[in-house]
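**Q** Supplied in structure tokens, the structure appears directly below.
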There are 2 protein chains.
Amino acid sequence: MYRTHTCGELRLADASKKVTLAGWVQRVRKLGGMTFIDLRDRYGVTQLTVNEKTPENIRLAAEKLGREFVLQAEGVVVERASKNGKIPTGEVEISLLELRVLSAAEVPPFTIEDESDGGEELRAKYRYLDLRRNPVKNALILRHRVAQEARKYLDAQNFLEIETPFLIKSTPEGARDFVVPSRLHHGEFYALPQSPQTFKQLLMVAGYDRYFQIVRCFRDEDLRADRQPEFTQIDCEMAFVEREDILQTFGGMMQRLFRHVLGVEFDNIPRMTYADAMRDYGCDKPDVRFGMKIKELTPQVQGKGFAVFDSAAYVGGICAEGCAGYTRKQLDELTEWVKRPQIGAKGLAYIRLAEDGLKSSIDKFYAPEELQQVAATLGAKPGDLILILSGNEKQTLNALCELRLEMGARLGLRRRGEFAPLWVVDFPLLDWDDEAQRFYAMHHPFTSPQPDDLSLFMSGDREALKTVRADAYDFVMNGVELGGGSIRIFDAAIQQQMFKVLGFTPEDAGYKFGFLTNAFKFGAPPHGGIAFGFDRLCSMFGGSDSIRDYIAFPKNNAARDTMIDSPSHIDDTQLKELGIDIAGKSE
Amino acid sequence: MYRTHTCGELRLADASKKVTLAGWVQRVRKLGGMTFIDLRDRYGVTQLTVNEKTPENIRLAAEKLGREFVLQAEGVVVERASKNGKIPTGEVEISLLELRVLSAAEVPPFTIEDESDGGEELRAKYRYLDLRRNPVKNALILRHRVAQEARKYLDAQNFLEIETPFLIKSTPEGARDFVVPSRLHHGEFYALPQSPQTFKQLLMVAGYDRYFQIVRCFRDEDLRADRQPEFTQIDCEMAFVEREDILQTFGGMMQRLFRHVLGVEFDNIPRMTYADAMRDYGCDKPDVRFGMKIKELTPQVQGKGFAVFDSAAYVGGICAEGCAGYTRKQLDELTEWVKRPQIGAKGLAYIRLAEDGLKSSIDKFYAPEELQQVAATLGAKPGDLILILSGNEKQTLNALCELRLEMGARLGLRRRGEFAPLWVVDFPLLDWDDEAQRFYAMHHPFTSPQPDDLSLFMSGDREALKTVRADAYDFVMNGVELGGGSIRIFDAAIQQQMFKVLGFTPEDAGYKFGFLTNAFKFGAPPHGGIAFGFDRLCSMFGGSDSIRDYIAFPKNNAARDTMIDSPSHIDDTQLKELGIDIAGKSE
């Protein structure tokens, strides 16, 4: 071992001990005849001191140190003259007796500090240096902690961690599969799993009862800022359960994780139907840290001669408490904000409940009493500001959702460190695509209809199908979907009906999922499960919006790892061995 | 929840409780007016009873049950008239009140019993049914246990579990990489990791100190019986350590795993040099549960006129205790055994130390005293049998190793349940390929030479290089290599020398490993690590020779998953999206 202690553990009680530390030079400061070296390792920083009593050769060696040199340092723990209350080791320093440079360092391309001067691209290219910074290190330590706690909980609940294969078969959502050409079977491919969905269901059929895995999944999609081509899930499945069992078990897991990792307690995880969430919050993952619910105003405001509202399928508003003082300029800016393409509203109507009476952008169409009634509907009181959007129902609700979140943020209602968990339940089973004239699965093709809606589902009637609810649920925290799952179909006939409704030919369904539907013929138990996005969960614990900070070696928005320069070309010999050609490549 | 209890937990103390169980029908037996149904779940088997008091509808339903039907059964726990001492629930049975068939089952294609009538191929195709059998279930439960215990130990030792990427870059051992075409970057590929080697080293450079991961790795090789294209490693790395620290830490892990999983204690893990292992056991992973060491006889037996030995580079023997009674037929059979291509010996000489004196296949060339001297060298005593092989040194030692293991097995010296751990150390750093006239890395190109041999290594002299020892170590148990690792090079100059010795051009080395050698320029700590083959480790714990039993969904010898029928064809749209063609495919 190159050290007797870490750089994070020495205290005043260790004074006069002879110790050996090893780590990286954080900084070197000279002060008169003294030199102070901050030595850093994973556990902290300890100050090494060179003074007039230090042996000459050490004094000379200390002269040549630069940032990020790796040292082994021997010395005596002494009490500091001027203590540093900001770090746990701040009462002591090491008076150097020996100093060995284990590894010199070139000047790093950016500063290794909590706030670095390096831009995102530079830090990505030198990720191994970025990983030295405390915020990144703490994120990965947190991730480790969350993983261990999740495992402890699930192990204690009799779940078995069972590894499922990574080299599997391309599925109907195949366009997003990463594929792997087979060298032994030319022209054939494995696919990397988008999730272990079918395998965990097979494990239930095989009698394993309670399965989990913290597992990498892969999806080859055009990337958004917060998506990675590979991501990690806490993937779980249980047999002989109903929805209630799943919500209890995994609500319990979230409670334990928040308690053990953050010291945050929540006793009760409220539930909300999808319909209520859409109506009151305009989306299926509401941030319920604050109210400001959306209210529909359509009947109330129509027929009064305001063409914009009269022609709208939906009119709805929110009430921003205490915002009546918003200036014209602020309101114009908010109007521009809702008109951005990401939000997509056509305009913004407002009613200010100012002290000197109502002021509204629509007061030429509405009598004061009518505006008062709108205010009453929204529960607004003097001093509040009402914001109203109108248009197509889906888009308007979506815009109101965004506007509500924005106003919540501006009003400081989305507080860090406050956690509002929620189960959203009763999702629709199917999503009708008017253009393609077909249904898509809201969740995936193995999700069971709710028992009450089963006969509607089996009827196959299009209008009936649109109303069928799924036995599905999402775990939402502070407006972020952290997990989702469903009770599965375990009856071969219902599964066949699902494939039919989704427009799979029997051949297609058989080719892609034959092994699963066949398995159901040999005795399948009722089962259901859930998967949590582990990267997102960790970023929620860490209070960050970016999952990339919580991944040791993330890829960029172009799915590229700039540190190792991947993806990259492979040589022709290898292509030949694999039996593939690059399309359009001249020989 | 579909049940109040599992099928493994009811005891006599539960008598008269009303319970609900759920599970699979293991078997149905009729006896007079009674029907006995063995209901099975992951936890055990409980007997359900239908008798003359059972409601008529239940009696009728029970008539129609078949093997592997999934039931929900309600009833009262009663004491059995005829108890079954073989199972923990054998004192009770459930007198049925309600019976619900959750899922009917077709007759399974093989019996779901500890010893199935299904062949390997059939069981692979219906793996979800094979997984229902106790031996497979117990193997996976054991695997779960080993994984949890390993994590607990490493977490307690301050190791951080850090996930490394799966979509990486093809490496020089690239021929064995699985590659993944990039849809976003046509003509470019990711590679799946053969191990997280470079990433774990980067984590050490990044200051993470103690890393581990239980992680899938991929190798596209022509398969042998016990190899899988995807396999799992317990992958670990430590910084600021020397070999001794690694051996202590991971010896400790193995001690803990054997103690907690099997209740087996071993205090001390002996160490053996590679040279000693090769000399005494003919291989680098000796089974030291028994002695029967190989002794070289070359000088002793040469120059006596026996051309076979005189022309051999190496002559060596073993002594099989108490085998002097081997008949001519047995010896002939053993001779055939060593002549098989897998062993490759040309013939077998023997000396029987029978009660009535020495008998030998070579006594026309050697005087009795000379044979006595050979016997003395081998420490043979009356009643023993000496077996001698000769030829090329490497092949002969290899054949003697196999012969020793075979004789050990025949003599019952390789006892199941007995565990003999061993660290093999001081491996050669490089392997000289006479044909290709080049060196290969014995371990991998990041393995450090031993400190004492560093100047030899830097000299670059071919003969000197052949003698350089690596700072590498293997963990061996009962003749099986369970893990291996090394202290790594952390000095850029030594790493460059290694690439040079291995014949990489600077461009090649830069292209493939530039990110690692660059990282070393910014302050790299001394570090080293180890990886354990997790599938193999679990099979060792389970007392099985086949790793496939310990993998939930293994692939066959042709790297194929016959259950899901993978690898498989993908459609032309997908190929086009990926920018690749199948070589030689007519359009």
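The values are calculated or read from the model by the stated rules, or taken from the named source; none is laboratory data. Please read these numbers as outputs of a predicted model, since none were measured by experiment. Ideal geometry is used to build each Cβ from the backbone, glycine not excepted, and the neighbour counts take in all protein chains shown. In case anyone asks, the SASA skips ligands and DNA or RNA and just uses the protein heavy atoms, side chains included. Shrake-Rupley method; radii C 1.70, N 1.55, O 1.52, S 1.80 Å.
**Q** To the nearest 0.05, how large is the calculated FRET efficiency for A:S95 and B:T505 if R₀ is 45 Å and r is the Cβ-Cβ distance?
**A** Efficiency, from the Cβ-Cβ distance: 0.40.
**Q** If you don't mind, another one. When a/c reaches 1.5 or more, the comparison of a/b and b/c decides; with that in mind, is the range B:290-410 rounded, prolate or oblate per its Cα gyration tensor? Write out the running numbers ahead of the final one.
**A** Numbers: a/c = 1.43, a/b = 1.04, b/c = 1.37.
Rounded is the answer for the range B:290-410, as its axis ratio a/c remains below 1.5.
**Q** Could I ask something else about it? I need to check one value: relative contact order of chain A, counting alpha carbon pairs closer than 8 Å and at least 6 residues apart, in percent.
**A** Relative contact order comes out at 13 percent.
**Q** Work out which residues of the range B:476-511 lose at minimum 40 square angstrom of accessible surface when the other protein chains are put back, relative to the chain isolated, with a 1.4 angstrom probe, and list them by number.
**A** Buried by the other chains: B:Y511.
**Q** Which whole-number percentage describes the relative contact order of the range A:133-207, with Cα contacts under 8 Å and a sequence gap of 6 or more?
**A** Over the range A:133-207, the number comes to 22 percent.
**Q** Quick one: compute the contact order of the range B:12-103, relative version, from alpha carbon pairs under 8 angstrom and 6+ residues apart, as a percent.
**A** On the way: 202 pairs, mean separation 30.9, N = 92.
The value is 34 percent.
**Q** Another one. For helix B:134-156, what angle does its Cα long axis make with the longest principal axis of chain B, in degrees from 0 to 90 and rounded to 10?
**A** Once rounded, the angle reads 60 degrees.
**Q** Output wanted: per-residue J couplings in Hz (rounded whole) for the range B:344-355, from phi through Karplus 6.51 cos²θ - 1.76 cosθ + 1.60, θ = phi - 60°, x for Gly and Pro.
**A** Each residue of the range B:344-355 in turn: x, 7, 7, x, 9, 9, 9, 10, 9, 8, 6, 5 Hz.
**Q** In square angstrom, rounded to the nearest 10, how much accessible surface does B:V28 have for a 1.4 Å probe?
**A** Looks like 50 Å² after rounding.
**Q** Counting other Cβ atoms within 10 Å, which chymotrypsin sites (Phe, Trp or Tyr not before Pro) in the range B:427-482 have at most 15 and lie in a DSSP loop? Show your work: numbers first, answer last.
**A** Working: sites: B:W432, B:F439, B:Y440, B:F446, B:F457, B:Y473, B:F475; in loops: B:F446.
Counting only loop positions with at most 15 other Cβ atoms within 10 Å, none of the chymotrypsin sites (Phe, Trp or Tyr not before Pro) in the range B:427-482 qualifies.
**Q** Using the 7 Å Cα-to-Cβ label point, sort the distances from A:L454 to its equivalents in the other copies shortest first and give them in nm to one decimal.
**A** Ordered by increasing distance: 7.3 nm.
**Q** Taking 0.36 nm per residue of sequence separation and subtracting the Cα-Cα distance, how much length would be gained by fully extending the chain between A:T467 and A:E120, in nm to one decimal?
**A** Full extension of this stretch gives 120.3 nm more.
**Q** Here is a follow-up. For chain B, find the longest principal axis of its Cα atoms and tell me its angle to the long axis of helix B:506-520, 0 to 90°, nearest 10.
**A** With rounding to tens, the tilt is 70 degrees.
**Q** Rounded if a/c is under 1.5, else prolate if a/b is larger than b/c, else oblate: which is chain B, with a ≥ b ≥ c the root eigenvalues of its Cα gyration tensor?
**A** Oblate.
**Q** 7 Å along Cα→Cβ for the label point: how many nanometres lie between B:K304 and each equivalent label in the other copies, listed shortest first?
**A** So the distances to the same position in the other copies read 11.8 nm.
**Q** Considering only C-alpha atoms, what is the centroid distance from the range A:438-503 to the range B:448-484, in Å?
**A** A separation of 59 Å, based on Cα centres.
**Q** Students often get this wrong: which residues of the range A:355-391 have the backbone nitrogen under 20 Å from the point 7 angstrom along Cα-to-C-beta of A:K346?
**A** A:361-366, A:387-391
**Q** Right, another one. When only DSSP loop residues count, what GluC sites (Glu not before Pro) in the range B:195-276 have their Cβ near at most 11 other Cβ atoms within 10 Å?
**A** Here the GluC sites (Glu not before Pro) that fit, given the DSSP loop and packing criteria, are B:E265.
**Q** In the full protein assembly as shown, how much of B:R469 is accessible to a 1.4 Å probe, in Å² to the nearest 10?
**A** Surface open to solvent at B:R469 totals about 80 Å².
**Q** Something else: Residue by residue through the range A:108-123, what is 3J(HN,Hα) from phi via Karplus (6.51 cos²θ - 1.76 cosθ + 1.60, θ = phi - 60°)? Round to whole Hz and write x for glycine and proline.
**A** x, x, 8, 6, 8, 10, 3, 9, 8, 8, x, x, 4, 5, 5, 5
**Q** Then there's this: Under a plain spin-label model, where a point goes 7 Å from the Cα along Cα-to-Cβ, how far apart in nm are A:A367 and A:A313?
**A** 3.2
**Q** Chains A and B: what accessible area do they bury, summed, in square angstrom to the nearest 100, with a 1.4 Å probe?
**A** Its buried surface, counting both partners, is about 11200 Å².
**Q** Separate question: Any lysines with Cα under 16 Å of the A:K364 Cα? List them, leaving off those in the same chain fewer than 8 positions away.
**A** Leaving aside lysines fewer than 8 places away in the same chain, those within reach of A:K364 are A:K304.
**Q** Find the accessible area per residue for the range A:100-220; the probe is 1.4 Å, ligands and nucleic acids are left out, and the unit is Å².
**A** 31
**Q** Run the paramagnetic zone check for A:D245: 7 angstrom along Cα to Cβ, then residues of the range A:489-514 with backbone nitrogen under 17 Å.
**A** A:489-491
**Q** Please list, in order along the range A:533-549, the HN-Hα scalar couplings obtained from phi with the Karplus expression 6.51 cos²θ - 1.76 cosθ + 1.60 (θ = phi - 60°), rounded to whole Hz, x for Gly and Pro.
**A** 3J(HN,Hα) across the range A:533-549, in whole Hz: x, 6, 4, 5, 4, 5, 5, 5, 4, x, x, 10, 8, 9, 6, 4, 5.
**Q** Provide a whole-number value for the mean count of partner chain Cβ atoms within 10 Å of the Cβ atoms in peptide B:204-213. Intermediate values should be presented prior to the final figure.
**A** On the way: counts 1, 7, 13, 15, 10, 6, 1, 3, 1, 1.
Mean shielding by partner chains, rounded to a whole number: 6.
**Q** Taking the range B:1-69, which trypsin sites (Lys or Arg not before Pro) meet the DSSP loop condition and have no more than 14 other C-beta atoms within 10 Å?
**A** B:R11, B:K53, B:K64
**Q** Moving on to the next point. Using only Cα atoms, locate the centre of the range A:221-267 and the centre of the range B:232-265, then give the distance between them in Å, rounded to an integer.
**A** Answer, in whole Å: 31.
**Q** Quick one: with all protein chains in place, what share of the accessible area of the range B:290-410 is carbon or sulfur, to the nearest percent (1.4 Å probe)?
**A** The value for the range B:290-410 is 50 percent carbon and sulfur by accessible area.
**Q** May I pose another question? Which shape class, rounded, prolate or oblate, goes with the protein assembly as shown when its Cα gyration tensor gives a ≥ b ≥ c as root eigenvalues, a/c under 1.5 marks rounded, and past that a/b bigger than b/c marks prolate?
**A** Values: a/c = 2.05, a/b = 1.32, b/c = 1.55.
Oblate is the answer for the protein assembly as shown, as a/c is 1.5 or above yet b/c matches or exceeds a/b.
**Q** Cut-off under 21 Å on the C-alpha distance; same-chain residues fewer than 8 positions from A:K381 excluded. Which lysines are left, in chain and number order?
**A** A:K293, A:K295, A:K359
**Q** Which of the cysteines in chain A are isolated, no other cysteine C-beta under 4.7 Å?
**A** So, A:C7, A:C217, A:C236, A:C319, A:C323, A:C538.
**Q** Measuring label to label, 7 Å along Cα→Cβ, what does A:K359 give against each other copy in nm, shortest first?
**A** When each copy's label point is compared with this one, the spacings are 11.9 nm.
**Q** Further question: So how do B:D549, B:D267 rank on accessible area, 1.4 Å probe, biggest first, that is with the largest at the start?
**A** Working: B:D549 70, B:D267 135 Å².
Per-residue accessible area, sorted high to low, gives B:D267, B:D549.
**Q** Tell me the mean residue ellipticity at 222 nm calculated for chain B from its helices only (DSSP H runs of n ≥ 4, each -39500 (n - 2.57), averaged over every residue, nearest 500).
**A** -8500 deg cm²/dmol
**Q** Between A:R11 and A:A558, what FRET efficiency follows from the Cβ-Cβ distance if R0 is 60 Å, with the result rounded to 0.05?
**A** Efficiency, rounded to the nearest 0.05: 0.80.
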